[in-house]
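Reviewing the structure listed below.
The values are calculated or read from the model by the stated rules, or taken from the named source; none is laboratory data. What you see is a predicted model; the values in this text were computed from it and never measured. Positions of Cβ are backbone-derived with ideal geometry, glycine not excepted, and every protein chain shown enters the neighbour counts.
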Amino acid sequence: MSDLRLSTDDVRELGEKLRFIATEFEGANDIAEEYGEAVSHGDLAHELEQFAENWENKRGELMEGLQELANAAVGAAEGFEGLERALVDALEGDG
């Protein structure tokens with residue numbers, strides 16, 4: 001049986017990368033709606049605008065999920081590092 005080994009630096013880095021991705025989604029312009037306004041065919045323009053509206057909603061949900069996951073990853077790294085410090089202090093008689 002193997003033990004799971006994971007660097008807290010890697011977990012923290014994952015959290016920071018997820019935050020970056022969420023920020024990129026937040027700053028992304030919704031070009032589908034702009035294309036809908038430029039298309040002369042009414043049905044196609046309507047479909048593009050519907051897609052843009054649906055994407056806006058889903059993008060918000062995705063950004064929220066990414067932020068929650070990022071916070072969990074950073075929090076886990078900080079928690080394990082705090083636990084490690086407390087254990088070291090206890091073993092060295094500092095705590």
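Of all the listed residues (E13, E26), the sole one being modelled with pLDDT under 75, on the phi < 0 side of the Ramachandran plot and among the charged types (D, E, K, R) is E26. Pairing each residue of region 54-79 that is touching a residue at least 60 places away in the same chain (Cβ under 8 Å) and farther than 11 Å from E26 by Cα with any residue that is acidic (D, E) and surrounded by 15 or more Cβ atoms within 10 Å (Cβ to Cβ), provided the two are 6+ apart or on different chains, yields no C-beta distance under 9 Å.
Could you list, in sequence order, all residues of region 1-16 that are touching a residue at least 40 places away in the same chain (Cβ under 8 Å) and charged (D, E, K, R)? Before you say what the answer is, go through the steps one by one.
Within region 1-16, the first condition is being touching a residue at least 40 places away in the same chain (Cβ under 8 Å), and the residues that meet it are 8-9, 11-12, 14-16.
Within region 1-16, D9, R12, E16 qualify.
Is it true that some residue in region 43-51 is surrounded by 12 or more Cβ atoms within 10 Å (Cβ to Cβ), charged (D, E, K, R) and part of a helix (DSSP H, G or I)? Yes - at least one qualifying residue is present in region 43-51.
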